1. Could you check the stretch 17-55 and list, in sequence order, the residues that are part of a loop (DSSP other than H, G, I, E, B) and either within 16 Å of the chain's Cα centre (by Cα) or among the aromatic types (Phe, Trp, Tyr) (or both)?
2. Out of all the residues in the stretch 102-120, is one or more open to solvent by 20 Å² or more (accessible area, probe 1.4 Å), at pLDDT below 95 and within 23 Å of Gly148 (Cα to Cα)?
3. Residues being in contact (Cβ under 8 Å) with a residue 12 or more places away in the chain, exposed (fewer than 14 other Cβ atoms within 10 Å of the Cβ) and out of contact with any Gly (no Cβ under 8 Å at 6 or more places or on another chain): count how many of those fall in the stretch 25-36.
4. State yes or no: is Arg71 among the charged types (D, E, K, R) and within 17 Å of Val128 (Cβ to Cβ)?
Amino acid sequence: AAGGRALARGVNVAHESELQQLVAQAEAAFGPVDLFCSNAGIVHEGGVEAPDALWARSWDVNLMAHVHAARAVLPGMLARGSGYLLSTCSAAGLLTSPGAAPYAVTKHAAIALAEWLSIMHGAAGIRVSVICPQAVRTQLLQGSIESGNQASQAFASMGTLLEPDDVAACAMQ
């Protein structure tokens with residue numbers, strides 16, 4: 001927050017209009033967005049047999065939220081010749097997530113989008129980074145463990161959970 005001020009808003013990132021409104025409010029309060037961090041994610045378990053509604057929700061949050069964010073901030077960044085997009089995507093987007101195909105597939109797509117944005121807009125001064133942490137101790141992971149996701153339970157039992165503060169420090173570097 002600039003000068004100790006902050007703007008807190010609840011936003012459903014699956015709805016593009018809400019992200020557009022958030023960016024407009026932030027720019028009115030603080031000026032142009034120099035860095036946008038996309039961090040939303042949801043896990044739906046199952047394979048190809050998972051209901052279409054779960055696949056659609058995964059696409060909306062795990063991929064389209066990144067698309068909506070880019071649409072909201074990219075025009076201003078391109079006009080200024082600089083900007084930074086930081087996407088949290090998950091190690092599942094590099095590897096996979098046994099038992100959660102909708103999650104793994106949409107996280108792969110989010111990484112592909114970030115790569116595309118970097119290639120298409122890097123020469124215009126837009127920087128793009130992706131962080132892909134594996135098993136971060138969050139409510140998202142805890143819910144996955146409690147619902148019986150085998151991969152999440154395996155990470156927890158091995159004691160390999162990352163702390164949110166450590167992931168945030170890595171993102172800042």
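The values are calculated or read from the model by the stated rules, or taken from the named source; none is laboratory data. Because the structure is predicted, anything quoted here is derived from the model rather than measured. Cβ placement follows ideal geometry from the backbone for every residue including glycine, while neighbour counts extend to all protein chains displayed. The accessibility values were calculated without ligands, DNA or RNA, using every heavy atom of the protein model including side chains. Shrake-Rupley method; radii C 1.70, N 1.55, O 1.52, S 1.80 Å.
1. Asn39, Ala40, Gly41, Ile42, Val43, His44, listed by residue number.
2. Scanning the stretch 102-120 turns up at least one residue that is open to solvent by 20 Å² or more (accessible area, probe 1.4 Å), at pLDDT below 95 and within 23 Å of Gly148 (Cα to Cα).
3. 3
4. It is true that Arg71 is among the charged types (D, E, K, R) and within 17 Å of Val128 (Cβ to Cβ).
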